[in-house]
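Q: Starting off with a structure, shown below.
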Amino acid sequence: MKLYSKPGACSTADHIALQWTGGAFEVEILDKDTMKAPAYLAINPAGAVPAVVDGQFVLTQNSAIMGYIADSFPQAQLAGDGSAQQRAEAARWLAYCNSDIHPAFVPIFSPGAFHPDPAQADVVRQTARERLRKLYAAADQRLADREWLAGFRSYADPYLYITLRWAAATKVDLSGYEHLAAFKQRMEADAGVQAALKAEGIA
């Protein structure tokens, strides 16, 4: 299995998940230029990460890739213990990261897509920051009495962690969210997280 990743992008979450499996995999690190080069566009015409190639099978879209990693390395239990309830719990928190948190950063990264007047860019970004603070409240509350989002280590945790890195870089106010802060510290102390970040040059 080969993962295509861009340092610090959502694909780094897949890289961490692969590290957690203990299985064999390859990673190719891309940048903004190689993501748009013909060789990679032949794999993912969208020119986006992540993408996984496993033999003749090519898969894109982060949530699908996380599920594929979990199914390919079931011993890691990244989708739970095999029960329907644990699988659903992991999928629920993956969806929270993928469908709620991640898209809420887009106005910060690309404010022009939300307002044509460049003078309004700061307003667009600040509105997005305020919305993100509200969205993160659910994760902070969830982590009040557990170490992992699903109640066990799952593929949702690396995704949440990567978005917390974005939050710090874009000045999203997460002050007072002590459970999220503790989660981020635990993740940064994790050997698999450290290995992925080092491999991508962002340790």
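Q: To the nearest 20 Debye, how big is the dipole of segment 86-176 about its Cα centre, given +1 on the beta carbon of each Lys and Arg and -1 on that of each Asp and Glu?
A: That gives a dipole near 120 debye.
Q: Right, next: Antiparallel as a % of all DSSP beta bridges within the chain, to the nearest 5? All intermediate terms of the calculation are to be shown ahead of the outcome.
A: Values: 7 of 11 bridges.
Percent antiparallel among DSSP bridges in the chain is about 65.
Q: Moving on to the next point. Given H placed on each backbone N at 1.01 Å, which residues far from Ala51 in sequence or on other chains put an amide H within less than 5 Å of it?
A: HN-HN under 5 Å from Ala51: Tyr4.
Q: Could I ask something else about it? Ignoring ligands, DNA and RNA, what percent of the accessible area of the chain is carbon or sulfur (1.4 Å)?
A: Percent of accessible area from carbon and sulfur atoms in the chain: 52.
Q: Report the one residue of Leu174, Tyr68, Tyr155 whose Cα lies farthest in the direction of the positive end of the charge dipole of the chain (charges on C-beta: Lys and Arg +1, Asp and Glu -1; origin at the Cα centre).
A: It is Leu174, whose Cα lies furthest towards the positive end.
Q: Follow-up. Sorted by packing (mean other beta-carbon atoms within 10 Å per residue), highest first, where do 192-198, 139-145 land?
A: 192-198, 139-145
Q: Using θ = phi - 60° and the Karplus form 6.51 cos²θ - 1.76 cosθ + 1.60, what ³J(HN,Hα) does each residue of segment 16-28 get, whole Hz, x for Gly and Pro?
A: Using θ = phi - 60°, the values come out as 5, 4, 5, 4, 5, 6, x, x, 8, 7, 10, 9, 10 Hz.
Q: Continuing with this model, one more query. In nanometres, what is the gap between the two model label sites at Lys36 and Gln75, each 7 Å from Cα along Cα-to-Cβ?
A: Roughly 4.3 nm, to one decimal.
Q: For Ala137 and Ala182, FRET efficiency with R0 = 22 Å and r from the beta-carbon atoms, rounded to 0.05?
A: According to the calculation, E is roughly 0.90.
Q: Let me ask something else. Would you mind working out the accessible area per residue for the chain, using a 1.4 Å probe, and quoting it in Å²?
A: It amounts to 49 Å² per residue over the chain.
Q: 7 Å from Cα along Cα→Cβ at both Ser99 and Ala84: what's the point-to-point distance in nm?
A: It is 1.9 nm.
Q: Give the long-range amide H neighbours of Val27: residues separated by 5 or more places, or on another chain, with amide H under 5 Å away, using H modelled in the peptide plane at 1.01 Å from N.
A: Residues meeting the criterion, in which the H sits 1.01 Å from N, are Leu3.
Q: Still on this structure, please answer the following. Average the reciprocal distances over every distinct pair of alpha-carbons in the chain, invert the result, and give the Kirkwood radius in Å.
A: One decimal place: 17.5 Å for the Kirkwood radius.
Q: Given Cβ point charges of +1 (Lys, Arg) and -1 (Asp, Glu) and nothing else, what value in debye, to the nearest 20, does the dipole of segment 1-116 about its Cα centre take?
A: On the way: 6 positive and 10 negative charges, 43 e Å.
The dipole magnitude comes to about 200 debye.
Q: State to the nearest 20 debye the size of the charge dipole of the chain about its Cα centre, where the only charges are +1 on K and R beta carbons and -1 on D and E beta carbons.
A: Value, rounded to 20: 300 debye.
Q: Along the charge dipole of the chain, Cβ charges K/R +1 and D/E -1, which of Asn44, Leu164, Phe105 sits furthest on the positive end?
A: The residue sitting most towards the positive pole is Phe105.
Q: Follow-up question, since we're still on this one. For the chain, set up a GNM with springs between Cα atoms under 10 Å and report which of Ile101, Ile162, Ile43 has the largest fluctuation.
A: Ile43
The values are calculated or read from the model by the stated rules, or taken from the named source; none is laboratory data. These numbers come from a predicted model, not from an experiment. As a convention, Cβ positions derive from the backbone with ideal geometry for all residues, glycine included, and neighbour counts pool all protein chains shown. Please note that ligands, DNA and RNA were not included when accessible areas were found on the heavy atoms of the full protein model with its side chains. Shrake-Rupley method; radii C 1.70, N 1.55, O 1.52, S 1.80 Å.
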